[in-house]
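The values are calculated or read from the model by the stated rules, or taken from the named source; none is laboratory data. Being a predicted model, the structure only gives us computed values, none of them experimental. Here Cβ is always computed from backbone atoms with ideal geometry, including for glycine, and neighbour counts include all displayed protein chains. Accessible surface areas use protein heavy atoms only, side chains included; no ligands, DNA or RNA. Shrake-Rupley method; radii C 1.70, N 1.55, O 1.52, S 1.80 Å.
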Protein chains: 2
Amino acid sequence: MNLSDIEIARQATKLPIRDIAAKLDIPYEDIVPYGHDKAKISAKYIETLKNNKNGKLILVTAINPTPAGEGKTTTTIGLTDALNHIGKKAVASLREPSLGPNFGQKGGAAGGGRSQVIPMEDINLHFTGDFHAITSANNLLAAMVDNHIYWGNEQNIDSRRITWKRVVDMNDRALRDIVLSLGGVKNGFCRQSGFDITVASEIMAIFCLSENLADLTKRLGKIIIGYRYDKTPVTASDIHAEGAMAVLLRDALAPNLVQTIEHNPAFIHGGPFANIAHGCNSVIATKTALKLADYVVTEAGFGADLGAEKFFDIKCRKAGLKPDATVIVATIRALKMNGGIEKSDLAHENVAALKKGTANLLRHISNMEKYGVPVIVAVNYFNSDTDAEIEALQKIVAETGHQAIICHHWEKGGEGAEELARAVVKMIAENKSNFHPLYADNLSLEEKINTIVREIYGGRGADIPANILNQLKAWDEEGYGTLPVCMAKTQYSFSADPKLLGAPENFTIPVREVKLSAGAGFVVVICGDIMTMPGLPRHPMAEKIHLDENGNIEGLS
Amino acid sequence: MNLSDIEIARQATKLPIRDIAAKLDIPYEDIVPYGHDKAKISAKYIETLKNNKNGKLILVTAINPTPAGEGKTTTTIGLTDALNHIGKKAVASLREPSLGPNFGQKGGAAGGGRSQVIPMEDINLHFTGDFHAITSANNLLAAMVDNHIYWGNEQNIDSRRITWKRVVDMNDRALRDIVLSLGGVKNGFCRQSGFDITVASEIMAIFCLSENLADLTKRLGKIIIGYRYDKTPVTASDIHAEGAMAVLLRDALAPNLVQTIEHNPAFIHGGPFANIAHGCNSVIATKTALKLADYVVTEAGFGADLGAEKFFDIKCRKAGLKPDATVIVATIRALKMNGGIEKSDLAHENVAALKKGTANLLRHISNMEKYGVPVIVAVNYFNSDTDAEIEALQKIVAETGHQAIICHHWEKGGEGAEELARAVVKMIAENKSNFHPLYADNLSLEEKINTIVREIYGGRGADIPANILNQLKAWDEEGYGTLPVCMAKTQYSFSADPKLLGAPENFTIPVREVKLSAGAGFVVVICGDIMTMPGLPRHPMAEKIHLDENGNIEGLS
């Protein structure tokens, strides 16, 4: 039983992807196979689904993450399997993992235990090439910017004010801050720039928010690549780049279909950062899944303060999605850490610490209620959880009028989350969702920021320096004020201080920088150090990852 | 009839790729489909072919390229179709085009007229992701090099002597010469470096010369990334990078199967530079094709002085391939340019210029004979060719004991090259190939260079500065002397001066730099300016490439 995730994934029998597609009534000619176990759903076929009724949309989110782990992706997959287990037609709709970090220190992002999506190695590496397409489109635009300047700079781009960076899907700190175009006349005009990791590209966010190819092209054209000497913005369409970028992204925009180890369909498509972007899988994948299944289980990045807030206020608002249920994942271990216990002491029963740490969960519950969507808590079970702890947690949650259901999907697969599945189905049937975003479009950008800080984070307000306030006001006046804001802060705390666990109060959120993602359609509000290009550790996983004599991948976890 | 290449490609009906595989008796479960019109052949299946008899290997090469065009890829495809047309089981084995240059000014690289491979757009863009995999593996190694130094530099890498560069599959002159790791302690140690285009990566050459995954891994480990303070080389295996790089390349190493517009099988796999690398498609694809077909038609980069020389002296030598026929492609237009006529005057009959320019073809013919493989000339017909010109050309070639056959495959497809196909089959049946490389392994590196300059280029010898001569001698002594040399010089002339057309004599070849590609297994001899990162023109194709309202790609040619 003590198999590693990768061993479980490898032992799983895979059904041919055409059989998975058949479960959703998708004919073979309408899938675009990538091998025998992955496929894209053709855009033409998606077009035919237009008039189908939508299924129910379930968001899986979580308390603030800790090193003890919550298992949000695992629970998303477990709940999907459980829904299928009780006879419902359910699909998981997940984010694609990034290639680069696999070679650093992170494990994969395909679930765990008996709740996984397969083929795990493919999903974690090149998969169907979507991220490579995004990298190419991003870097074509960058090359065209420098090329425009090289050939005379008709647009009068101020090379000191170019904001568009190149990207690479690799953890490579050496590329964070570079000087380009050295070597004289033939290489262009020397300037300082840098690389982000691919998932941090605005194109990733655009990709995930686009409704179709035409919308994608329009959004790509709106990307601001920098500013002229007169400080007016220069867009991708000013240098005629959006068409070729869309060509590079065309095939990638079709959602990817794989399977859980219990042979249930899972869409895995797009994966923007959850700080400088909105952290949700693609609108196209979610909407396609809703047309094909009765229940669609999706997830958002980080804890509910960042992930769910953006899911509701950016993705659902912009895409017109109406979620039907919110599942908040917690673990007793992580709640005890929120209650002040060190990771090394988590194996011991500690009801007092649990109770204290549950404050974090309770605030997330009351936050989620503000969106008008019914809420339930999924407790991802660990062997170290004691009866007394479970009882205490369930009692506290019950006092708020909600249920906390213990789930064993990690160990048992869908069967282990049957109780959760039944409770979610019942909740959706009995409690009609009345979804609405937290704030109205016509609030000013400053008011939007303060609303989130007060209503979701529980702070007193945002601390916005005068120059940034002026910038926000200028955007309000230039017509960008109706955009939602995308908060970039630490995922570890409601506050901007990663060490303030539980449910801190009386803090302010310092705003350091704001950035207009005009193509994605949001204003990024940066509150703290946000890393857009990770580095490798002293001994990266890459040193151990290799092929065995049969060509199997070893060392990828 | 005046359809563009892309129009012809779009009008072509495509057979499902499983039907193309079936023509080669490959079962559906042994192909790895990428959509319904592309597939890879699984490594497991290739293993089962081991004991099959090999088909005949035909190299298509050309006179020195001119702006008038020769049509080497087109002829390779046309001959394959023609062989199938006369009832032979024939496969084309071609190089993959690079993505980046599509957005600059070049047209695609999938043949032309009625001799094309399809799906043309896919092949020219992301295809099956092979180049993205190579980019990732290259850049993982680069990140690991800088990371190694960052964390203490146990190997004592001299950061001034790092030779490994990053790559991107994009024409981006701004990345040619850069400074990395600015921004202080957290970003590492600042140093100067640069990016090449992906096809220039040594990994591309390794990929194309590897026999299997184990061989690939071994070669990756041998890559020299730079030198220690004591000037000893540091390899990829010294920093434990080869395993993870091989993981990134695993799926890519399986050859890609597509079809000609006449539904004949074509393998398209790998595409290294023809100057700093050997310019041939992958050994795995060629060998797999030989196991599956009676005739395999392959091509090499540039003219025969560079492309065929490397095909024979690097690829065939190293992979143990024994080619059975050499086809030299020429056009009357290009021969007239070699005879001194401007491009604008090519439409007029000029037998004198043709005769003069034919000196270029004749030297290639006599060069090719030195390898012991029977030679034939394919004249790729243009409408402007006159009977007098054709007659004159055929007569001159006949005087050397060879045939020059007029081919109409561009206009008519396989049927148009029937005469060539029959002549090639007859030549192979009647003239047993006695292939041998030009020079022996045990010649010194200097002697190898001089042999090529004298025997193939027709020059007096190489002009090698003392410091480079010392480097070559050092490599001879260190055990690298048995490697073949890989000449990097202009493709436009036998000499190092691109303006010396025809068959120049009495020149020397100046050697500017030598480079050890220890993983690929050759010594690169650089004779002139070699561009390893192209730039974009003033108005790149990217400005016009776009999707139409139906999601079709427009502007890619």
- Within region B:545-557, restricting to residues that are among the charged types (D, E, K, R) and part of a loop (DSSP other than H, G, I, E, B), the one that is farthest from B:Gly194 (Cα to Cα) is B:Glu549
- Would you point out the residue of region B:185-208, among those that are outside any strand (DSSP E or B) and among the hydroxyl-bearing types (Ser, Thr, Tyr), that is nearest to the other protein chains (Cβ to nearest Cβ)? B:Thr198
- Message: So, in region A:336-377, how many residues would count as being touching a residue at least 60 places away in the same chain (Cβ under 8 Å), over 30 Å from A:Lys432 (Cβ atoms) and touching a Leu at 6+ places or on another chain (Cβ under 9 Å)?
- Response: 7
- Kindly list, by first and then second residue, each pair from a residue in region B:223-234 that is closer than 9 Å to B:Thr163 by Cβ to a residue that is open to solvent by less than 10 Å² (accessible area, probe 1.4 Å) and in a loop (DSSP other than H, G, I, E, B), limited to pairs with Cβ atoms under 8 Å and residues at least 6 apart or on different chains. B:Ile224/B:Gly519
- Search result, residues across region B:224-260 that are closer than 26 Å to B:Tyr45 by Cβ and of a type in the set (Val, Ile, Thr): B:Val247, B:Val258, B:Thr260
- Message: Among the residues that make up region A:397-419, is at least one of them at pLDDT 95 or above, more than 15 Å from A:Thr75 (Cβ to Cβ) and among the β-branched types (Val, Ile, Thr)?
- Response: yes
- Query: Looking only at residues in region A:129-184 that are of a type in the set (Lys, Arg) and outside any loop (DSSP other than H, G, I, E, B), which one is nearest to the other protein chains (Cβ to nearest Cβ)?
  - Reply: A:Arg173
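Within the bounds of region A:476-489, is there any residue that is within 30 Å of A:Lys343 (Cβ to Cβ) and in contact with a Gly (Cβ under 8 Å, 6 or more places away or on another chain)?
yes
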- Somewhere in region A:368-381, is a residue in contact with a strand residue (DSSP E or B) (Cβ under 6 Å, 6 or more places away or on another chain), of a type in the set (Phe, Trp, Tyr) and closer than 24 Å to A:Gly113 by Cβ? yes
- Kindly list the number of the only condition in (1) open to solvent by 20 Å² or more (accessible area, probe 1.4 Å); (2) over 22 Å from A:Ala62 (Cβ atoms) that fails for A:Lys412. (2)
- Examine region B:102-114 for a residue that is closer than 23 Å to B:Asn552 by Cα, touching a residue at least 12 places away in the same chain (Cβ under 8 Å), in contact with an Asp or Glu (Cβ under 7 Å, 6 or more places away or on another chain) and open to solvent by 10 Å² or more (accessible area, probe 1.4 Å), and state whether such a residue exists. yes
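Considering only residues of region A:210-240 that are within 13 Å of chain B (Cβ to nearest Cβ) and assigned to a loop (DSSP other than H, G, I, E, B), which is farthest from A:Phe522 (Cα to Cα)?
Keep residues of region A:210-240 that are within 13 Å of chain B (Cβ to nearest Cβ), which gives A:210, A:212-218, A:220-221, A:236-240.
From what's left, assigned to a loop (DSSP other than H, G, I, E, B): A:210, A:212, A:240.
Values: A:Ser210: 13, A:Asn212: 19, A:His240: 22 Å.
Ranking the qualifying residues of region A:210-240, first place goes to A:His240.
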- Note on the structure: Selection from region B:99-121 of residues more than 18 Å from the chain's Cα centre (by Cα) and either over 23 Å from B:His409 (Cα atoms) or not assigned by the TED database to the domain that holds B:Ala39 (or both) yields B:Phe103, B:Gly104, B:Gln105
- Query: Quick check, is A:Ala542 within 14 Å of chain B (Cβ to nearest Cβ) and either among the basic types (Lys, Arg) or not in a loop (DSSP other than H, G, I, E, B) (or both)?
  - Reply: yes
- Message: From the list B:Arg161, B:Arg166, B:Arg191, B:Arg176, exactly one residue is open to solvent by 10 Å² or more (accessible area, probe 1.4 Å), outside the structural domain of B:Phe103 (by the TED database), more than 20 Å from B:Trp475 (Cα to Cα) and touching a Phe, Trp or Tyr at 6+ places or on another chain (Cβ under 8 Å). Which is it?
- Response: B:Arg176
- Return the total of residues in region A:358-399 being open to solvent by less than 40 Å² (accessible area, probe 1.4 Å) and either closer than 21 Å to A:Ala429 by Cβ or outside the structural domain of A:Ile341 (by the TED database) (or both). 11
- Message: Of the conditions (1) under 30 Å from B:Arg512 (Cα atoms); (2) part of a helix (DSSP H, G or I), B:Ala417 satisfies every one except a single condition; which number is it?
- Response: (1)
- Only one of (1) open to solvent by 20 Å² or more (accessible area, probe 1.4 Å); (2) assigned to a loop (DSSP other than H, G, I, E, B); (3) not aromatic (Phe, Trp, Tyr) is not met by B:Ala68, so which one is it? (1)
- Message: I'm trying to understand the selection: among the residues of region A:341-350, which are more than 15 Å from A:Phe382 (Cα to Cα) and open to solvent by less than 60 Å² (accessible area, probe 1.4 Å)?
- Response: A:Ile341
- Item | Residue check for B:Glu96: in the same structural domain as B:Val258 (by the TED database) and open to solvent by 30 Å² or more (accessible area, probe 1.4 Å) | no
- Task: Within region A:74-110, count every residue that is modelled with pLDDT under 95, in contact with a strand residue (DSSP E or B) (Cβ under 7 Å, 6 or more places away or on another chain) and in a helix (DSSP H, G or I).
- Result: 1
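Within region B:220-269, track down each residue that is open to solvent by 20 Å² or more (accessible area, probe 1.4 Å), β-branched (Val, Ile, Thr) and touching a strand residue (DSSP E or B) at 6+ places or on another chain (Cβ under 8 Å). Lay out the reasoning, then the answer.
Step one: list which residues in region B:220-269 are open to solvent by 20 Å² or more (accessible area, probe 1.4 Å), which gives B:222, B:227-233, B:235, B:237-238, B:240, B:242, B:250-251, B:261-263.
Checking which are β-branched (Val, Ile, Thr) leaves us with B:232, B:235, B:261.
Across region B:220-269, the qualifying residues are B:Thr235, B:Ile261.
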